[in-house]
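S.K.: Here's a structure for you.
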Amino acid sequence: MLSHTMEWTEEEKQLFAYLAHLYKEDIHEIAQHLPTKTYNQIQRYYRNSNQIQFTQNGITQTQIDAYKTTLIQLLSQYEEESASELVQIRWLQRQLQKNQYELNIIETTIQKTNSVLVQQENIIQQLIKNNQFMCEVLQKRQQQ
């Protein structure tokens, strides 16, 4: 069956090449949904499939069916892992949206607070000017 290492055995290469020869479109459809490394391996062996010589006696239909089943199981496992990752990604997206919403509230609050502070500073500046004017007026009256 399929090795779990990156290098395939010679038997696996021949089985895949024969499978690719028999199920060209099916294998291509299955392969394009596999992880990139696996897909690249499949593409490489698919391209080389014409260079590999098969002997009908060397590869049985049972081996071909078992190999195709293995590929389909790999695809199913990958789809399950992808689905799990998709659930995690969606949860993270919801968290991000929630955090963005909270951040927007904080930013709005800061802007309003800054606006109020600017208004208060303007009022204080005006009060200081008014006080200075009143002081000047009082000083002038006292001098008279």
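Since every read-out is calculated from the coordinates, none of them should be taken as a lab result. Worth saying up front: this structure is predicted, and the values here are computed from it rather than measured. Cβ atoms come from the backbone with ideal geometry, glycine included; neighbour counts cover every protein chain shown.
S.K.: Looking at the stretch 88-144 from every direction and averaging, what is the projected area of its Cα convex hull in nm²?
M.R.: 3.7
S.K.: Let's test the formula: R0 of 22 Å, r as the Cβ-Cβ distance of residue 136 and residue 111. What FRET efficiency results, to the nearest 0.05?
M.R.: For R0 = 22 Å, the calculated efficiency reads 0.05.
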